[in-house]
Amino acid sequence: MTSGGTRRVALVTAREALALDEDLPPLRDALAAQGADVAMPCWDDARVDWARFDIAVLRSTWDYAERIGEFLEWAGRCARLTRIANRVETVRWNTDKRYLVGLSHAGVPVVPTRFISPGADASAELTRFLSGAADSLTVGHADGFTDFVVKPVVGAGSRDVARYAREDGAAALQHLARLLDAGRRAMLQPYLQRVDEQGETAVIFLGGVLSHAVRKGPLLKAGAGVVPGLFAREKLVPHDIDDAERRVAVATLEAIPFGVPLYARVDLIRGNDGVPVVLELELTEPSLFFGHAPGSADRLATAVIARSRD
């Protein structure tokens, strides 16, 4: 690491993501414009000397989900050699969607969720969820829904996620059982119908400050099956959040343990009562949609340079 002068910054990615991450080029250019020496290494490239960087910023490590043990081991090793952002403690917490439990306990409204561990009876768990059972495995109360979502607890983007109608229980059960049989924790959530009308709202914080927001169209179609590839393509437009969305997004940021993250994305949807609830909190490798917010790449670049000197 350098003690002063030119900052050496690694924007950490993955081989499959290099050609897909639309945020990398503008952030690279913004950092270079501020005098940084920028590289874009893959996290699993054994040839990389992480100690030569002043900071390693996780950007599009989108293949980590099925290699979570290897990824977290690498993150810990990298953190011993240089600064890593977000912090490795934050990454360990955020790569497991059971963080929704912590947010709920902190008073943040979240999408009702049932968590299921490998070894559980997939059929019995699905039945309990569809019946609206509330117990220690469930955050919030899910009832009055027609469609629902099956997804892995550790997952990036929309990979291995699918939406099902109640009458498609056999297909949903097969999906759930496949995840559990592979040793992966799974989660069940009601599909909140307002998503089809209003989409999702992604609220982005850079350096702890609310930077911008975008509205994302609905991603999951009933009967479409599991999303292939690293992520589902999204329809995006800039969005001016209202007071309710702002309150929930800020409360979510304040509930994050381990200090203020370099970047955060809070994905919100409207519940059946119209109140915004947290669908996901992205602190590890989120798209930040710089193309929909002029100046946002420059704001993150400034925060990166400052964090590299902490």
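The values are calculated or read from the model by the stated rules, or taken from the named source; none is laboratory data. The structure displayed is predicted, hence computed values, not measured ones. Cβ: placed from backbone, ideal geometry, glycine included. Neighbour counts: every protein chain shown. These accessible areas exclude ligands, DNA and RNA; they are computed on the full protein's heavy atoms, side chains included. Shrake-Rupley method; radii C 1.70, N 1.55, O 1.52, S 1.80 Å.
Taking the stated definitions as given, is Gly155 at positive phi and at pLDDT below 95? Full working, then the answer.
On the way: at positive phi: no; at pLDDT below 95: yes.
No; evaluated as a whole, the condition is false for this residue.
Say we look at segment 108-162 and pick out the residues that are of a type in the set (Ser, Thr, Tyr) and more than 29 Å from Glu16 (Cβ to Cβ); which of these is surrounded by the fewest Cβ atoms within 10 Å (Cβ to Cβ)?
Filtering segment 108-162 for residues that are of a type in the set (Ser, Thr, Tyr) and more than 29 Å from Glu16 (Cβ to Cβ), the one surrounded by the fewest Cβ atoms within 10 Å (Cβ to Cβ) comes out as Ser136.
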How many residues of segment 83-107 are open to solvent by 10 Å² or more (accessible area, probe 1.4 Å), outside any helix (DSSP H, G or I) and touching a helix residue (DSSP H, G or I) at 6+ places or on another chain (Cβ under 8 Å)? The answer is 5
Looking only at segment 277-310, which residues are closer than 20 Å to Asp242 by Cα and either touching a Lys or Arg at 6+ places or on another chain (Cβ under 6 Å) or of a type in the set (A, V, I, L, M) (or both)? Val277, Val278, Leu279, Leu281, Leu288, Ala293
Please identify the pairs in which a residue from segment 277-296 that is within 17 Å of Asp21 (Cα to Cα) and assigned to a helix (DSSP H, G or I) has its Cβ atom under 6 Å from the Cβ atom of a residue that is open to solvent by less than 20 Å² (accessible area, probe 1.4 Å) and of a type in the set (Ser, Thr, Tyr), counting only partners at least 6 apart or on another chain. Phe290/Ser296
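If I go through segment 1-34 residue by residue, how many of them are farther than 12 Å from Arg59 by Cβ, out of contact with any helix residue (DSSP H, G or I) (no Cβ under 8 Å at 6 or more places or on another chain) and of a type outside the set (Val, Ile, Thr)?
The first filter runs over segment 1-34 and keeps only residues farther than 12 Å from Arg59 by Cβ, leaving 1-8, 15-16, 19, 29-30, 32-34.
Then keep just the ones that are out of contact with any helix residue (DSSP H, G or I) (no Cβ under 8 Å at 6 or more places or on another chain); that gives 2-6, 15-16, 19, 32.
Narrowing further to those that are of a type outside the set (Val, Ile, Thr): 3-5, 15-16, 19, 32.
Looking only at that region, the number is 7.
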Answer yes if at least one residue in segment 182-204 is open to solvent by 10 Å² or more (accessible area, probe 1.4 Å), in contact with a Pro (Cβ under 8 Å, 6 or more places away or on another chain), within 23 Å of Ser287 (Cα to Cα) and in a strand (DSSP E or B), and no otherwise. yes
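Hey, any hits in segment 1-13 for a residue that's among the hydrophobic types (A, V, I, L, M, F, W, C) and open to solvent by 20 Å² or more (accessible area, probe 1.4 Å)?
Initial filter on segment 1-13 (among the hydrophobic types (A, V, I, L, M, F, W, C)): 1, 9-12.
Cutting the leftovers down to open to solvent by 20 Å² or more (accessible area, probe 1.4 Å) gives us 1.
Within segment 1-13 (the criterion being among the hydrophobic types (A, V, I, L, M, F, W, C) and open to solvent by 20 Å² or more (accessible area, probe 1.4 Å)), the answer is yes, since at least one residue qualifies.
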Scanning segment 14-37 for residues that are under 14 Å from Val304 (Cα atoms) and open to solvent by less than 10 Å² (accessible area, probe 1.4 Å), which turns out nearest to the chain's Cα centre (by Cα)? Leu24
Return yes when Val260 is open to solvent by 10 Å² or more (accessible area, probe 1.4 Å), of a type in the set (A, V, I, L, M, F, W, C) and in a loop (DSSP other than H, G, I, E, B) and no when it is not. yes
Test for Gly119: is it at pLDDT 95 or above, closer than 20 Å to Glu245 by Cα and more than 17 Å from the chain's Cα centre (by Cα): no
Sole exception among (1) farther than 20 Å from Trp93 by Cβ; (2) surrounded by fewer than 18 Cβ atoms within 10 Å (Cβ to Cβ); (3) modelled with pLDDT of 95 or more for Glu254, by number: (1)
The residue that is least open to solvent (accessible area, probe 1.4 Å), considering only those in segment 38-72 that are farther than 17 Å from Glu16 by Cα, assigned to a loop (DSSP other than H, G, I, E, B) and free of Cβ contacts under 8 Å to residues at least 60 places away in the same chain, is Phe53
Quick one: would you say Leu210 is closer than 30 Å to Ala306 by Cβ and open to solvent by 30 Å² or more (accessible area, probe 1.4 Å)? yes
Can you tell me which residues in segment 9-37 are more than 20 Å from Arg299 (Cβ to Cβ) and either in contact (Cβ under 8 Å) with a residue 60 or more places away in the chain or among the β-branched types (Val, Ile, Thr) (or both)? Thr13, Glu16, Ala17, Leu20
Being at negative phi, at pLDDT below 95 and hydrophobic (A, V, I, L, M, F, W, C) is true for just one of Leu288, Leu230. Which residue is that? Leu230
Taking interchain pairs and intrachain pairs at least six residues apart, which have beta carbon atoms under 8 angstrom, with the first residue in segment 162-191 and closer than 15 Å to Ala124 by Cβ and the second among the basic types (Lys, Arg)? Ala186/Lys151; Leu188/Arg114
